[in-house]
1. Using only protein heavy atoms and a 1.4 Å probe, report how much of His189 is accessible, in Å² to the nearest 10.
2. For the chain, what does the helix formula give at 222 nm: sum of -39500 (n - 2.57) over DSSP H segments with n ≥ 4, over the residue count, nearest 500 deg cm²/dmol?
3. Can you list the residues, at least 5 places off or on another chain, whose amide H is less than 5 Å from the amide H of Gly266, using H built in the peptide plane?
4. Return the Cα extents of the chain along principal axes one, two and three, sorted largest first, each rounded to a whole Å.
5. Under unit Cβ charges (Lys, Arg +1; Asp, Glu -1), what dipole magnitude, rounded to 20 debye, does region 11-167 have relative to its Cα centre?
6. Using modelled backbone amide H atoms (1.01 Å from N, in-plane), which distant-in-sequence or interchain residues come within less than 5 Å of Leu159's amide H?
7. Identify all lysines with a Cα-Cα distance to Lys312 below 24 Å; exclude those on the same chain that are fewer than 8 residues away in sequence.
8. Would you work out the Kirkwood radius for region 18-79? I mean one over the mean of 1/r across all pairs of different Cα atoms, in Å.
Amino acid sequence: MSIQWFPGHMNAAKKEAAEQMENIDLVIEVLDARLPEASCNPLVDQLRKFRQRPCLKVLNKIDLADPHATAAWKAYYDAQDGVTAYPMTTKKPADVARIPELALSLAPHRGVPTKPLRIMIMGIPNVGKSTLMNALLKKRVAKVGDEPAVTKTQQRLYLNKNVVLVDTPGMLWPKIAMASDGLMLAASHAIGTNALVEEEVAEYLGELLLQRYPQLLTARYGFKTEGMDGVAVVEGVAQRRGFRVRGGDYDYEKAAHTLLQDYRQGALGRISLETPESRAASLAQHEAEVAEKARIAAEKAAAKAEEAARGKRGT
């Protein structure tokens, strides 16, 4: 299943962010530490690189992510020019308190009353951007909810006399190129429920967990994972939890929802859906698939042209 979700307000947010970037000194991009690259909006990189703005990539929700994978992602981002990665959780005030200091280190020419540091906070829906804003300002200034795209308008706020924050709506991009990215984003609740089928997302999540964290499935649900696939994982959840519909069949829909909720809330344990290594492998596979599709399309076009030419010769 290829998942796409780019409602109208996101297109407006993209245009507004592009207009504001000229007057910004630093971008803080909030990522989901469980899937940093899948939750990294390519539009953010395009906008900030065009204006040559540094970026503090906040790897949020590290309390839900695999710590080994998070360490690998920090090294991956820190190696990039103009980028600093900061693994954290908004649940810890001490983690939040370090952000202004890190931001000032990336733009040392700003940060005084006459030249305040202007920070734009960006990220996809439901990565904790609004929660971070509220934690930084120590008051509720942004709507928070367990649904993607709660924030729909941009707002400008003073953290102190030296730092200005610009909060932006959660923004995806018009076309998610890799199907696996769409499924990971859907599993992590970054995509509206009207754009996905939960059962298919749960099956994909089950496959990933079988590959990387089978022991966590066994610990949570009590079934052995040998020989299972994603469908069997969802069925196993239904069986172990006693989810049945009228007539006695397993309630597959409820089991799928339960598996997704257990992952999202951390009930399964600390899980990362991708690592730098798995990301590189996925990109290589995607590029090979694109090249193969292009080859087939070229062959079909050539055959069609040849057929048309034969027709003209016959006439």
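1. Around 10 Å² of this residue is reachable by solvent.
2. -15000 deg cm²/dmol
3. The answer is none.
4. Each principal axis gives a Cα extent; for the chain these are 74, 68, 35 Å.
5. Charge dipole, region 11-167, about its Cα centre: 580 debye, nearest 20.
6. Under 5 Å from the amide H of Leu159: Val164, Leu165.
7. Hits, sequence-local ones excluded: Lys300, Lys304.
8. On the way: mean 1/r = 0.0808 Å⁻¹.
By the Kirkwood definition, the hydrodynamic radius is 12.4 Å.
The values are calculated or read from the model by the stated rules, or taken from the named source; none is laboratory data. Since the structure is predicted, the reported quantities are computational estimates derived from the model, not experimental observations. Here the Cβ is made from the backbone with ideal geometry for all residues, glycine too, and neighbour counts use every protein chain on show. When the accessible area is computed, the model is the full protein with side chains, heavy atoms only, and any ligands, DNA or RNA have been set aside. Shrake-Rupley method; radii C 1.70, N 1.55, O 1.52, S 1.80 Å.
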